[in-house]
1. Give the long-range amide H neighbours of VAL67: residues separated by 5 or more places, or on another chain, with amide H under 5 Å away, using H modelled in the peptide plane at 1.01 Å from N.
2. Specify whether the C-alpha gyration tensor of the range 27-75 places it in the rounded, prolate or oblate class, a ≥ b ≥ c being the square roots of the eigenvalues: rounded for a/c under 1.5, otherwise prolate if a/b is larger than b/c and oblate if not.
3. Simple spin-label model, 7 Å along Cα-to-Cβ: ALA46 to ASN70 in nm?
4. Going 7 Å from the Cα of VAL20 toward and past its Cβ, which residues in the range 44-81 have a backbone nitrogen under 18 Å from where you end up?
5. Only helical DSSP H runs with n ≥ 4 go in: add -39500 (n - 2.57) per run for the chain, normalise by residue count and round the 222 nm mean residue ellipticity to 500 deg cm²/dmol.
6. Can you give the net charge of the other residues whose Cβ lies under 13 Å from the Cβ of GLU37, counting K and R as +1 and D and E as -1?
7. Between Rg and the Kirkwood Rh of the chain, both from Cα atoms, what is the Rg to Rh ratio?
8. Can you give the relative contact order of the chain as a percent, counting alpha carbon pairs under 8 Å and 6+ residues apart?
Amino acid sequence: MASHKSAEKRARQTERRTAVNTNRRSRLRGSVKKVEEAIASGDKKAAMAALRAAQPDIQRGAKALVVAPNAAARRVSRLNARIKAMS
């Protein structure tokens, strides 16, 4: 437990930041899941639309360091490649 003012403040900030990051991570995972589902269904147009909607969430997560920037870029690239490979 925090025993002085600055440590108490830091604990409060960490609590708020954790809540924000959890929300961002959840949103990122949800948007990627929608793309995955669209790919699995075989609908290329729906998959492209889902990827277009997911991309800002993924980039926002990278900017906030919820996910590493290279990991975010890799995820977008791989999803895009899978969509392009659809017939």
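1. Amide H neighbours of VAL67, under 5 Å, 5+ apart: ALA62.
2. Details: a/c = 2.48, a/b = 2.43, b/c = 1.02.
Taking the square roots of the gyration eigenvalues as a ≥ b ≥ c, the range 27-75 is prolate.
3. About 3.5 nm separates the two model spin labels.
4. 57-69
5. On the way: 3 runs with 73 residues, N = 87.
Value at 222 nm, helices only: -29500 deg cm²/dmol.
6. On the way: positive: ARG29, LYS33, LYS34, ARG82; negative: GLU36, ASP43.
The answer is +2.
7. On the way: Rg = 17.3 Å, Rh = 14.4 Å.
In the chain, Rg relative to Rh is 1.20.
8. On the way: 58 pairs, mean separation 24.0, N = 87.
Taking the mean separation of contacting Cα pairs over the length of the chain, I get 28 percent.
Read-outs: derived from the displayed coordinates by stated rules, not from any lab. Every value quoted in this text rests on a predicted model; they were computed, and no experiment measured them. Cβ sites come from the backbone with ideal geometry, for glycine too, and all protein chains shown count toward neighbours.
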